[in-house]
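Nothing in this text is a laboratory measurement; each read-out follows from the coordinates by a stated rule. This is a predicted model, so every value here is computed, not measured. Backbone-built Cβ (ideal geometry, glycine too); neighbour counts: all protein chains shown.
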Amino acid sequence: MQRRHIATLAAASILALLTVSAPAIAGTPATVSVRVEGATSTLLPLTTVTTNTTTTPPPGNCPGTTAAGALQLATEGNWDHEEYIQTILGETHEWTMADPRYWAIWINDKYSEEGACSLQMKEGDRLLFLVDKATAPEYNPTVFPLELSGAPTEITQGESATVTVDKYSTAGVGSAASGVSVKGGETTVTTNASGQATVKFNTLGTAHLRGTKSGFAPTASVAVCVHASGGHC
């Protein structure tokens, strides 16, 4: 498991990022989404791929139906191919006592205790890699994901919509996220105690809504088409 493995390696004073586990047996291909949030920016926006049974390159040699296989497709191979992932899209986090950051894996808003090489993808899964910080003595996750919901697919210019932002626990339990800055509308708005904020759309075109808050991974960008009165997208 990720946390347990980090604690074990810390005690041994060696580097590691993800779970020690034997490569999984290939599962069934599935269409899933992948997102990578780096320490200061989004490295890979929400990207849909369909996994396959092709093994990822060495040294990991992970089944293509796992999270590693999905990452391989979504990044076009731009990661280190290690079983213990340290580098994705050029950003490296090698967990050490001095710098305890590593690539954490979240699946469907739940912290994964499995590593990328063994976590099998199922149809519709949402996979998120984010930069976490695990420190002694518990080595528990400290960075959690945010999710934005309620945004319309399209809206008439000048109208407003209320969106909701939730934060998630390691067990995948959502709760209202207050104090989140939601950008992409006419102005930046902040969620209230119920995790809600009203966004106004005055500019024609496509607005990209995104919620951010210090200490959390940002929400995925949500596109809203803003059209003129009487028109459509």
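Brief remarks on what is shown
- Relative contact order [Cα under 8 Å, 6+ residues apart], the chain, whole percent: 18
- Local electrostatic count at Leu43 - Lys and Arg +1, Asp and Glu -1, tallied over other residues with Cβ under 10 Å: -1
- Label-point gap, in nm, between Asn78 and Met97 - each point 7 angstrom along Cα→Cβ: 3.6
- Highest-first arrangement of 191-198, 178-185, where packing means the average Cβ count within 10 Å: 178-185, 191-198
- Taking the Cα centre of region 59-176 as reference, the dipole from Cβ charges on Lys and Arg (+1) and Asp and Glu (-1) amounts to some 180 debye.
- Candidate cross-link partners of Lys213 among the lysines, defined by an alpha-carbon separation under 23 Å and a same-chain spacing of 8 or more, comprise Lys110, Lys133, Lys167, Lys183, Lys200.
- Dipole magnitude of the chain, debye to nearest 20 (Cβ charges: Lys/Arg +1, Asp/Glu -1, about Cα centre): 400
- Cα centroids of region 130-178 and region 70-87: 24 Å apart.
- Shape call, region 138-233: gyration tensor on alpha carbons, a/c limit 1.5: prolate
- Residue among Leu130, Pro152, Cys225 farthest towards the positive dipole end of region 121-233, charges placed on Cβ: Leu130
- Each residue of region 143-149 is assigned a 3J(HN,Hα), and the resulting list reads 10, 10, x, 10, 10, 9, 9 Hz, derived from the Karplus form 6.51 cos²θ - 1.76 cosθ + 1.60 (θ = phi - 60°), x at Gly and Pro.
- Considering helices alone, the calculated mean residue ellipticity of the chain at 222 nm is -2500 deg cm²/dmol, with DSSP H runs of length four and up weighted by -39500 (n - 2.57) and normalised per residue.
- Overall form of the chain: prolate. Here a/c, set by the Cα gyration tensor axes a ≥ b ≥ c, is 1.5 or more, and a/b is the larger of a/b and b/c.
- Phi-based couplings in Hz for region 40-50 (Karplus 6.51, -1.76, 1.60; Gly and Pro marked x): 10, 7, 7, 8, 9, x, 3, 10, 9, 9, 10
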